[in-house]
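**Student:** Here's a structure for you.
The values are calculated or read from the model by the stated rules, or taken from the named source; none is laboratory data. Quick caveat, the model's predicted, so the values are computed rather than measured. Here Cβ is always computed from backbone atoms with ideal geometry, including for glycine, and neighbour counts include all displayed protein chains.
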């Protein structure tokens, strides 16, 4: 599985409250409207600027805070295909995989906002085309790759009936 896109850069400790400001939680049953407010408080107009296939590069502890499963979902719905970060909050990480959003634990030093990166998830390879830099990361376990290939946990279970671990 190879992903390629433009980078949006975020810092350390991006919480689910940063991803979905609390004042918009009443929109949880209207995901099309909710996604328009992704990162509203820290990156105004993000939703209007992001393009399908773009990639987030985050800092340490990306997705900390509450276990809002809507947080990774609206990131994906906004057009993001993957998040690269040195670490993720555990629940956010698992929720991301479950909704079909690639969450890759890796070194992101030297990757800048607007860079174009290519990620070979199967081989654990990241290449920043802008600065001609390659990085390696541990490939995801096969069950997580299977879930991502199917577009998330629900499509995986609909197709296979159960997790094959």
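**Student:** Just one of (1) more than 24 Å from residue 70 (Cα to Cα); (2) surrounded by 18 or more Cβ atoms within 10 Å (Cβ to Cβ) trips up residue 103, so point out which.
**Tutor:** Here residue 103 clears every test but (1).
**Student:** Any idea which of (1) closer than 18 Å to residue 146 by Cα; (2) part of a loop (DSSP other than H, G, I, E, B); (3) under 15 Å from the mean Cα position of the chain (by Cα) is the one residue 80 doesn't satisfy?
**Tutor:** So residue 80 meets the others, but not (1).
**Student:** Out of region 42-67, which residues are under 14 Å from the mean Cα position of the chain (by Cα) and either part of a loop (DSSP other than H, G, I, E, B) or at pLDDT below 95 (or both)?
**Tutor:** 50, 51, 52, 53, 54, 58, 59, 60, 61, 63, 64
**Student:** Also, quick follow-up: Applying the selection to region 33-62, what residues are buried (at least 17 other Cβ atoms within 10 Å of the Cβ), under 13 Å from residue 11 (Cβ atoms) and in contact with a helix residue (DSSP H, G or I) (Cβ under 6 Å, 6 or more places away or on another chain)?
**Tutor:** 39
**Student:** Looking only at residues in region 1-31 that are part of a loop (DSSP other than H, G, I, E, B) and touching a helix residue (DSSP H, G or I) at 6+ places or on another chain (Cβ under 7 Å), which one is farthest from residue 100 (Cα to Cα)?
**Tutor:** The extreme case among them is 21.
**Student:** I'd like the full set of residues that are touching a strand residue (DSSP E or B) at 6+ places or on another chain (Cβ under 8 Å) and over 20 Å from residue 129 (Cα atoms), limited to region 42-58.
**Tutor:** 43, 46
**Student:** Here is a check on your reading of the model: is residue 67 loosely packed, with under 15 Cβ neighbours inside 10 Å, touching a helix residue (DSSP H, G or I) at 6+ places or on another chain (Cβ under 7 Å) and closer than 21 Å to residue 100 by Cα?
**Tutor:** yes
**Student:** Looking only at region 98-120, decide whether some residue is over 17 Å from the mean Cα position of the chain (by Cα), assigned to a strand (DSSP E or B) and within 20 Å of residue 1 (Cβ to Cβ).
**Tutor:** Taking every residue of region 98-120 in turn, none turns out to be over 17 Å from the mean Cα position of the chain (by Cα), assigned to a strand (DSSP E or B) and within 20 Å of residue 1 (Cβ to Cβ).
**Student:** Here is a follow-up. Counting only residues that are assigned to a helix (DSSP H, G or I) and either loosely packed, with under 15 Cβ neighbours inside 10 Å or free of Cβ contacts under 8 Å to residues at least 24 places away in the same chain (or both), how many does region 123-148 have?
**Tutor:** Residues in region 123-148 being assigned to a helix (DSSP H, G or I) and either loosely packed, with under 15 Cβ neighbours inside 10 Å or free of Cβ contacts under 8 Å to residues at least 24 places away in the same chain (or both): 3 in total.
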